[in-house]
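Asks: Sending over a structure as structure tokens; questions will come in a sec.
Since every read-out is calculated from the coordinates, none of them should be taken as a lab result. All figures in this text were calculated on a predicted structure; none of them were measured in a lab. Because the Cβ atoms are built from the backbone with ideal geometry, glycine has one as well, and the counts that use them run over all protein chains shown.
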Amino acid sequence: MNRRIVGFIVGMVVAFAGVFFFGWVLWWLWKRLSEQEPPATIEIEAPISEPVIEVPTEIKTRAPEPPPGPDDLKRIEGIGPRYSSVLQAAGITTYIQLAAASPDELHQILEAEDPRLARLADPTSWPEQAALAAAGNWEGLDGLRQRLKGGRQP
């Protein structure tokens, strides 16, 4: 019985010492961090403002035309969402830009993104289809798309 009491007391002393030590370490870290100098403040001079230029009212009333948005390249046979995003990342966002690109350039763009994309796609008909779409010849584009098999010439 005495052994159990002594063991309990020793355990309590060890636990108290551990908690005390942990508290002392936290206090020491807090004191050390609070004694450090705050970072130096940097003062930046404001630039001298440019003189205000008055714009004539006839120019103010004229609204600028918004730039044309990107075309839906997925309307081209053989171009899906993945190919469309790759072409847009390469800077080809309109039918006119796609029509101006050669099949070799398109193949190199696909190859640079992922060699598997270049193996799966055949961009030889894309510029021709894009030229019809840029001209607004949707009937001619539909006729060409019907002749193609998965975006490829038969």
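Asks: With each label point set 7 Å from Cα along the Cα-Cβ vector, what nm distance links L120 and V13?
Replies: 7.4 nm
Asks: In addition: Can you give the FRET efficiency to the nearest 0.05 for L33 and I5, using r as the Cβ-Cβ distance and R₀ = 41 Å?
Replies: Plugging the Cβ-Cβ distance into 1/(1 + (r/R0)^6) gives 0.45.
Asks: Once you charge only the Cβ atoms, +1 for Lys and Arg and -1 for Asp and Glu, what is the size of the charge dipole of the stretch 73-147 about its Cα centre, to the nearest 20 debye?
Replies: 220 debye
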